[in-house]
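Notes for the one structure printed next.
No value in this document is a laboratory result; all are computed from the given coordinates. The structure displayed is predicted, hence computed values, not measured ones.
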Amino acid sequence: MNKKKAWTLKKETYEHASNKKQVREFLFSLFAKHHFRKIVGLPGPDIMSYISFCKSKGYDFFELYEMDMDTLMKQMTEIKSPNTTLSYGNILNADGDRKDVVYDLDYCVTVRHMAEHIKKFTHNFIMTFSRRIGNEETINEFFQATKEKVVSIVKNFAPIEYEIYKTDKGNNYIYVKYSDTSAMCCIAKIN
């Protein structure tokens, strides 16, 4: 298989990604006390598992986006959930400035070309990126896009290992590294 093709293969399922599930449990627990009821996000290939998980965390309304036509067609045949909109297109088409929703943005690509996405969503988000480019470049690119400087980093080891990045603008970001089949990370912000 040539290298270029290998990087463009889609993930068919996340059903057996135990580390991803553990990270999602942790991050969603941080949002729980705020009683959000709506998710704007990218459900991926397992749309009903995604919706079921979100419903188990108290979410009732879903505004979902998909850019891959094959995945969208599969999602449309599986979706059985009221209060759900599924749109073909870029998540950049969503209103990115709402404070009453959680943005669940599972990009699964590196941050290198995601500055527009990072800038658009500034409230209550979880962004998932590939760490193919390494931790340092991931962090640097992310904060370059937000136009913030990190002033402190606090490492935590429970309930999972994560870091809190405090910035010069007074924002706190939660950074969690994990790996199932590849090196990934989530960056979350609650405000």
* Asked: With contacts defined as alpha carbon pairs under 8 Å and 6 or more residues apart, what's the relative contact order of the chain in percent?
  -> 19 percent
* Could I get the Rg over Rh figure for the range 15-109? Both from C-alpha atoms, Rh via Kirkwood, rounded to two places. => 0.93
* Excluding residues fewer than 8 places away in the same chain, name every one of the aspartates and glutamates whose C-alpha is closer than 14 Å to that of Lys155. => Glu163
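Need one number: % antiparallel among DSSP beta bridges in the range 17-189, to the nearest 5. Mind dumping the intermediate values first?
Values: 22 of 38 bridges.
Taking every DSSP beta bridge with both residues in the range 17-189, the antiparallel ones total about 60 percent.
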* Per-selection Kirkwood Rh - the range 72-130 (Cα, Å, 1 d.p.) -> 13.0 Å
* To do: Quick one: check the C-alpha center-to-center distance for the range 119-154 versus the range 25-44, whole angstrom.
  => 19 Å
* ³J(HN,Hα), Karplus 6.51/-1.76/1.60, whole Hz, each residue of the range 104-119, x for Gly, Pro -> 10, 10, 8, 6, 6, 10, 6, 6, 3, 10, 10, 4, 4, 5, 5, 5
* **Mean-position separation - Cα centroids, the range 60-83 and the range 155-191, in angstrom** => 28 Å
* Asked: Helix-derived [θ] at 222 nm for the chain: sum -39500 (n - 2.57) over DSSP H runs of at least 4, divide by residue count, nearest 500?
  -> -9000 deg cm²/dmol
* Length-normalised contact order of the range 147-189 in % [C-alpha pairs under 8 Å, at least 6 apart] -> 28 percent
* Asked: How big is the chain on each of its three principal axes, counting only the C-alpha atoms and giving the largest first in Å?
  -> 47, 46, 31
* Tabulate in residue order the Karplus-calculated ³J(HN,Hα) for the range 91-97, using 6.51 cos²θ - 1.76 cosθ + 1.60 with θ = phi - 60°, rounded to whole Hz; enter x for Gly and Pro. => 4, 4, 6, 6, 5, x, 10
* How much of the calculated P(r) for the range 138-191 lies past 12 Å, in percent of all Cα pairs? -> 67 percent
